[in-house]
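To start, the structure under review is shown below, and the notes come after it.
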Amino acid sequence: MKNQHIVVAGAGIGGLAAALTLARAGQRVTLLERAAEFAELGAGIQLGPHAIKLLSRWGLREPLLARACLPEAIAVRDAVSGRSLSRILLGQAVQARYGEVYASVRRADLHALLLQAVRDEPQVTLHCNAQVNAVHQDAGLVNVQSAQGSHSADGLVAADGVWSGVRSAVFNDGAPRATGHAAYRAMLPMAQCPSAMASSIGVWWGRDVHVVHYPVHSGQYLNLVVLSEHSAARAVPGWASPASAATVLASVQGACAELKDLLGAASAWYSWHLYDRPAARSWVQGHVALMGDAAHPMLPYLAQGAAMALEDAQALADCTQAGEDWAGALGAYEQQRKSRCERVVATARRNARIFHLGWPWALARNAVLTLQGTQTLGMPWLYGYG
Ligand SMILES: Cc1cc2nc3c(=O)[nH]c(=O)nc-3n(C[C@H](O)[C@H](O)[C@H](O)COP(=O)(O)OP(=O)(O)OC[C@H]3O[C@@H](n4cnc5c(N)ncnc54)[C@H](O)[C@@H]3O)c2cc1C
């Protein structure tokens, strides 16, 4: 199936990837983004070998790696004692096992790369300042009303994120709810950090809280994230509410001095309240399909939000190429993606419980990890995909 007119709502990482892959699969794409312009928002994103394989297929691997970092390992430590619990090998060990590298990137670098690829694609028309306000389906066509006018199309892909208005309007299955968890994010110039932090991902586990840091932007910055189960402030949707250093430090009260000093070195913190939405019963309604966070919002405890959106995009394009019509292609897409994404969502939730255990369960967890010793990154069902 070729030359269908597809509207994609939302030009985040998922929407850009969908516009790119659908255009390259021979479809005509109108991409509608609510924002007037693309600001440098967001922090870091980890991309496993399954995601890098897709970027490689799209010809974006080398420009991405020019801005990315390739951490050698994940170093897991106890946030209170500072004791080392486990070392999970990435680097060459991951490349040997999964056939691609494991990278850490600044979200804005990945977004900018996809945006440029989309802008270079003659089959994509991108409109900013074009919030999708209403969707009507009739006689095999979709009519999409946006702030930039109305668009009649063969299909609509909702890539409008966790607060997806398209999902609420078309699927009518409830609103996102605040989980009570918050992520506090900051960037620290690498020159201010201990040198070991430039070459690995650091994870510190505490009770109801954990901290993750990794290098981004060719190693110039350390991306710092504190994930706390008890957000101090009232939950607000969005990624960029400023947070005070005092709030961040209060969330890691019992932590060791080394960790507190690291967090205390950052001045500009942003909070990101974590929202969740029950799994959509179906991702397809007539000629409308959900993808990315609109379909499967997830807690960031497995670092898979961006990777799953990239996989969705490729699957969607593959299914349109193989399918005879848009409805058939969407059925195949849902079949291919839904159970995998549900497994990822469930694994991220399970990680939240394991990472945030308190005494005495944390002792048992730490003993098991210490016994296991150094290992290569596991979960081949996740990282070995594609
Ligand atoms: C600013 C920002 C910062 C982030 N930071 C991190 C991070 O640090 N770490 C991490 O793991 N994940 C982060 N994420 C989430 C991660 O990027 C996503 O899980 C993943 O990339 C999947 O993205 P998505 O495209 O499905 O949704 P999103 O990235 O949320 O993109 C949705 C897009 O749709 C647009 N939109 C929303 N409503 C409408 C509408 N009605 N009409 C038109 N457009 C609309 C939004 O403006 C946005 O551009 C961030 C997301 C955003 C938007």
Could you please state, rounded to a whole Å, how far the C-alpha centre of region 57-132 is from the C-alpha centre of region 167-203?
-> 14
Residue of 128, 319, 341 that the Gaussian network model of the chain assigns the largest fluctuation, springs spanning Cα pairs under 10 Å = 128
What are the principal axis extents of the Cα atoms in the chain, in Å, biggest first?
-> 64, 45, 36
Can you give the relative contact order of region 80-206 as a percent, counting alpha carbon pairs under 8 Å and 6+ residues apart?
-> 12
What is the spin-label model distance, in nm, from residue 177 to residue 372 if the labels are put 7 Å beyond Cα along the C-beta direction?
-> 3.1
Helix 107-119 versus the longest principal axis of the chain: what is the Cα-based angle in degrees, 0 to 90, to the nearest 10?
-> 20
One would report the antiparallel percent of DSSP beta bridges in the chain, rounded to the nearest 5, as 70
Computed over the chain: relative contact order in percent, which uses C-alpha pairs under 8 Å that are six or more apart = 23
Contour minus Cα-Cα span, residue 318 to residue 268, at 0.36 nm per residue, comes to 13.8 nm
Given a cut-off of under 8 Å on Cα pairs at least six residues apart, what relative contact order in percent is computed for region 245-300?
-> 30
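Averaged across orientations, what area in nm² does the convex hull of the alpha carbons in region 1-122 project?
Its Cα hull, projected and averaged over all orientations, spans 9.8 nm².
Using only the Cα atoms of region 81-230, build the gyration tensor, take square roots of its eigenvalues as a ≥ b ≥ c, and label the shape rounded, prolate or oblate: rounded if a/c is under 1.5, else prolate if a/b is larger than b/c, else oblate.
prolate
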Sites residue 379 and residue 339, calculated FRET efficiency, Cβ-Cβ separation with R0 22 Å, nearest 0.05 = 0.90
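Using helices alone, I'd like the mean residue ellipticity at 222 nm for the chain: each DSSP H run of four-plus residues gives -39500 (n - 2.57), total over residue count, nearest 500.
-10000 deg cm²/dmol
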Using the Cα atoms of region 271-386 to build a convex hull, what is its mean projected area in square nanometres?
-> 9.2
Cβ-Cβ cut-off under 10 Å around residue 68, Lys and Arg +1, Asp and Glu -1: the net charge is +2
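Where a number appears in this text, it was derived from the coordinates with a stated rule and is not lab data. Fair warning: this is a prediction, and the values are worked out from it, not measured in the lab. Note that we place each Cβ from the backbone using ideal geometry, even for glycine, and neighbour counts take in every protein chain shown.
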